[in-house]
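The values are calculated or read from the model by the stated rules, or taken from the named source; none is laboratory data. These numbers come from a predicted model, not from an experiment. All Cβ positions, even for glycine, are placed from backbone atoms using ideal geometry, and neighbour counts span all protein chains on display. Accessible surface is based on the protein model in full, side chains and every heavy atom, while ligands, DNA and RNA are left aside. Shrake-Rupley method; radii C 1.70, N 1.55, O 1.52, S 1.80 Å.
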Amino acid sequence: MTTHSVAALPATIGGRYVLRSELGRGGMATVHRAHDEALDREVAIKVLHAHLATDVTFLERFRREARAAAALSHPNVVAVHDWGESEDGAWLVLELVEGPTLRQVLHELGPLEPAEAAGILLPVSEGIAAAHRSGLVHRDIKPENVLIGDDGSVRITDFGLARAVASASVTFGSGVLVGSPHYMSPEAVRGQPLDPRADVYALGIVLFECLTGRPPHAEDSAWSTAMAHAQRPVPRPSSFVEGLDPALDEVVAWATSIDPDHRYEDATDFARALRNAVDDVTPVEQLLAHLAPTDPSDVAGATAVIDRSTSTTSPRQPARRRGRVRGLLLVALLAVVVVGAGLFGNQLWSTYFAPLLEVPPVVGTELTAATETLRDAGFRVDVADATVHDRSVPEGHVLFADPGDEARRGTTVSLVVSAGPRQVDVVPVEGLTGAVAEQRLRSAGLDVVVVRRHHDQAQTGNAFGTVPASGQLDEGSRITLLVSDGPAPREVPDLVGSSYPDLLDDLRAQGLEANVVERRHDVAPEGTVIEQSPVVGEKVDHGTTIELVVSDGPRPVEVPSVRGSQVAAATQQLEDLGLVVEVERRGGLGSYLNPGRVFDQDPGPGSVRREGDTIVLYAYEG
């Protein structure tokens, strides 16, 4: 690693961090070694690139990275000490880990023994598992982001692409950071929502590379490499390394399944499977003993390559050594000739005819403008793909550019152009439980808002529709899921005076039931409701049963004989029985002999009538 100048930045950032040297560059930021004057310690400080510092979308992403990373505390995760924004830009202060990256280890040692790979990837998995428990997806696990401390510690760094699981969505786009194509999960390539299984995929790829010394897919371009992950399964590591335990093939196969549903659920499950597949775990300190000592002249700590065949410290097996040079003398002689003949030509070509230029940032730019910008900068342009959907980048705008940092004048820059948001069918959800319906809609890529409403037919907790109800929406669009809260409460109707048999159908149509709890004689006609409970107007749930008292009609009465009785006495006797009395008076001889007496009645004695019936009395005047 080469030290770069920091002249373009102020000597001190955040009022306390004094920049020492540049440690590395990424697509979003530059990392510097710095000294924290407040706490008197060495740190690493990550500074957002100047051309992004005014981009609102990137700044918001940087803030989210800082908050997420600062909240994550684990011995296998590089600690975040501080973050902030000032006139110098946005910055993130990280724990400084002295030691090589896993990339440097693989470059020097080549393929690792299974026990050595496990010694590194098990602690990495523990750090990623802690992130998963916190609701984070790392999104950019690769050897460059695995730091191996000189003290034997292993830490995962750069949660710059980590997103809260609830909001993790697509990989490409102007507002989204792009992961590393060699380690990208199929769902990330397709721009689908991501969860911890995307990190499991990357862990499986890193395990493959540790065991074989190479990534499984390496195409002509970054885009082609990324697409290979979505189209082809990862080969078995044992097809490259003879004698490798099939159990490790199984771990890689499960971790890197194209279908996320066939992978380990999270980093914890991956670590458990890896631990079961290896007989032993090599301590990291033992692995570090195989590395060459750091060149004191390289202040950035670059690792020199040595021939370990003469090493006296825990020599590795010759069959697993990488970089052994045969015919060294012949190569050296040829090198002298080649270098002598080509040095001047290469210098002339690089400086004057095809200089190395910075590729203008065109991601997120409309294709016509991007093409013009690249051509003006001296590059050719090729549209590699215009069928990739992205919900954050409008149709016809650039999603991805390869190369995206720097290239020689005249190089063809391949562009992937957005086809706009993917169209999502509004799937029918009626009858499903609310949780299942919500998951189905979210899996389709929609933003679901659950609204609970009363519904007479849908069971409580079940979905009964969506708004909109059908058709297609842009991926990420909001859709309202309607979930039943059961039928709405009803007002009890007035049933008194109604005929019991006649009211049943109407009552059931209102979602209520009726039950006759008592029948009694009453002046009301037989079958008429004379009392109810609950009372009129009370709110009750759907299906509530109204208790009714129904008339059995007036009580039957046997008509007594009142013939010969005085009208007043006869009337009183009949009215006491609930009968109605009418009197018809006649004159004649009887009015002199029996004045005021009843001489006949209708109906006659012994007849059965009901309360309220009329009895006619025939009486003499008097």
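Residues of the range 517-533 being open to solvent by less than 40 Å² (accessible area, probe 1.4 Å), out of contact with any Gly (no Cβ under 7 Å at 6 or more places or on another chain) and in a strand (DSSP E or B), which ones?
Ile530, Gln532
State all residues of the range 281-312 that are at pLDDT below 90, in a loop (DSSP other than H, G, I, E, B) and within 17 Å of Leu211 (Cβ to Cβ); if no residue qualifies, say none.
His290
Of the residues in the range 210-237, how many are over 28 Å from Asp382 (Cβ atoms), open to solvent by less than 10 Å² (accessible area, probe 1.4 Å) and touching a Pro at 6+ places or on another chain (Cβ under 8 Å)?
Qualifying residue count for the region: 2.
For (1) open to solvent by 50 Å² or more (accessible area, probe 1.4 Å); (2) farther than 28 Å from Gly553 by Cβ, each residue gets a yes or a no:
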residue: Arg585; (1), (2): yes, yes
residue: Gly590; (1), (2): no, yes
residue: Gly596; (1), (2): no, yes
residue: Phe599; (1), (2): yes, yes
residue: Pro605; (1), (2): yes, no
residue: Ile615; (1), (2): no, no
residue: Gly622; (1), (2): yes, yes
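Give the range 380-401 a look and list any residue that's buried (at least 20 other Cβ atoms within 10 Å of the Cβ) and over 27 Å from the mean Cα position of the chain (by Cα), or say none.
Correct list: Ala401 only.
Would you confirm, using the coordinates I've provided, whether Thr411 is more than 30 Å from Asp447 (Cβ to Cβ) and either surrounded by 22 or more Cβ atoms within 10 Å (Cβ to Cβ) or under 36 Å from the mean Cα position of the chain (by Cα) (or both)?
So Thr411 fails the test.
So for the range 572-584 (the condition being under 19 Å from Leu503 (Cα atoms) and outside any loop (DSSP other than H, G, I, E, B)), does at least one residue qualify?
no
I want to confirm something. Restricting to the range 454-465 and keeping residues that are of a type in the set (A, V, I, L, M, F, W, C) and either in a strand (DSSP E or B) or within 22 Å of the chain's Cα centre (by Cα) (or both), which single residue is surrounded by the most Cβ atoms within 10 Å (Cβ to Cβ)?
Across the range 454-465, the extreme among qualifying residues is Ala463.
Do you know which residues across the range 202-223 are assigned to a helix (DSSP H, G or I) and of a type in the set (A, V, I, L, M, F, W, C)?
Ala202, Leu203, Ile205, Val206, Leu207, Phe208, Cys210, Leu211, Ala222, Trp223
Kindly check whether there is at least one residue in the range 534-551 that is in contact with a Gly (Cβ under 8 Å, 6 or more places away or on another chain) and closer than 30 Å to Ser607 by Cβ.
Yes, some residue in the range 534-551 is in contact with a Gly (Cβ under 8 Å, 6 or more places away or on another chain) and closer than 30 Å to Ser607 by Cβ.
Cβ-Cβ under 8 Å, sequence separation 6+ or interchain: first residue in the range 452-480 and without any contact (Cβ under 8 Å) to a residue 12 or more places away in the chain and on the phi > 0 side of the Ramachandran plot, partner open to solvent by less than 30 Å² (accessible area, probe 1.4 Å) and among the hydrophobic types (A, V, I, L, M, F, W, C). Which pairs?
none
Need pairs with beta-carbon distance below 6 Å; first residue on the phi > 0 side of the Ramachandran plot and within the range 524-535, second in a strand (DSSP E or B); sequence gap 6+ or separate chains.
Short answer, once both residue conditions are applied: Gly527/Ser499.
Residues checked against (1) of a type in the set (A, V, I, L, M, F, W, C); (2) open to solvent by 30 Å² or more (accessible area, probe 1.4 Å); (3) within 23 Å of the chain's Cα centre (by Cα); (4) over 24 Å from Gly431 (Cα atoms):
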| position | (1), (2), (3), (4) |
| --- | --- |
| Val467 | yes, yes, yes, no |
| Asp474 | no, yes, yes, yes |
| Ser477 | no, yes, yes, no |
| Val483 | yes, no, yes, no |
| Ala488 | yes, yes, no, no |
| Val496 | yes, yes, no, yes |
| Leu503 | yes, no, no, yes |
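For the range 412-427, what are the residues that are in a loop (DSSP other than H, G, I, E, B) and free of Cβ contacts under 8 Å to residues at least 40 places away in the same chain?
The answer is Ala419, Val427.
Given (1) under 30 Å from Glu538 (Cα atoms); (2) open to solvent by less than 40 Å² (accessible area, probe 1.4 Å); (3) of a type in the set (Gly, Ala, Ser), where does Ala444 come up short, assuming only one miss?
(1)
Under 6 Å between Cβ atoms, which residue pairs at least 6 apart in sequence (or on different chains) link something in the range 110-139 that is farther than 24 Å from Pro237 by Cα and open to solvent by 20 Å² or more (accessible area, probe 1.4 Å) with a partner that is assigned to a helix (DSSP H, G or I) and not aromatic (Phe, Trp, Tyr)?
Within 6 Å, the pairs are His132/Pro196; His132/Ala267.
Would you be able to say whether some residue in the range 243-253 is free of Cβ contacts under 8 Å to residues at least 24 places away in the same chain and under 23 Å from Val105 (Cα atoms)?
Checking the range 243-253: at least one residue is free of Cβ contacts under 8 Å to residues at least 24 places away in the same chain and under 23 Å from Val105 (Cα atoms).
Pairs needed: first member in the range 187-209, on the phi > 0 side of the Ramachandran plot; second member anywhere, among the hydrophobic types (A, V, I, L, M, F, W, C) and crowded, with 24+ Cβ neighbours inside 10 Å; C-beta distance under 8 Å; at least 6 residues apart or different chains.
What qualifies is Gly191/Val170; Gly191/Phe172; Gly191/Val388.
Return the residues of the range 534-548 that are open to solvent by 60 Å² or more (accessible area, probe 1.4 Å) and touching a Ser or Thr at 6+ places or on another chain (Cβ under 9 Å); say none if nothing qualifies.
Result: Glu547, single match.
What are the residues in the range 594-611 that are among the acidic types (Asp, Glu) and at pLDDT below 90, if any?
Matches in the range 594-611: Glu611 only.
Suppose we keep only residues that are under 25 Å from the mean Cα position of the chain (by Cα) and small (Gly, Ala, Ser) within the range 196-216. Which one would you say is nearest to His132 (Cα to Cα)?
Here the answer is Ala198.
If the requirement is being among the acidic types (Asp, Glu), exposed (fewer than 12 other Cβ atoms within 10 Å of the Cβ), within 30 Å of the chain's Cα centre (by Cα) and modelled with pLDDT of 80 or more, which of these qualifies: Asp425, Asp376?
Asp425
Among the residues of the range 365-404, which ones are out of contact with any strand residue (DSSP E or B) (no Cβ under 7 Å at 6 or more places or on another chain) and either of a type in the set (Asp, Glu) or not in a strand (DSSP E or B) (or both)?
Result: Thr368, Ala369, Glu372, Thr373, Asp376, His389, Ser392, Gly404.
Does any residue in the range 495-510 that is of a type outside the set (Lys, Arg) come within less than 7 Å, Cβ to Cβ, of a residue that is part of a helix (DSSP H, G or I) six or more places away or on a different chain, and which pairs are these?
Matching pairs, first to second residue: Leu495/Leu503.
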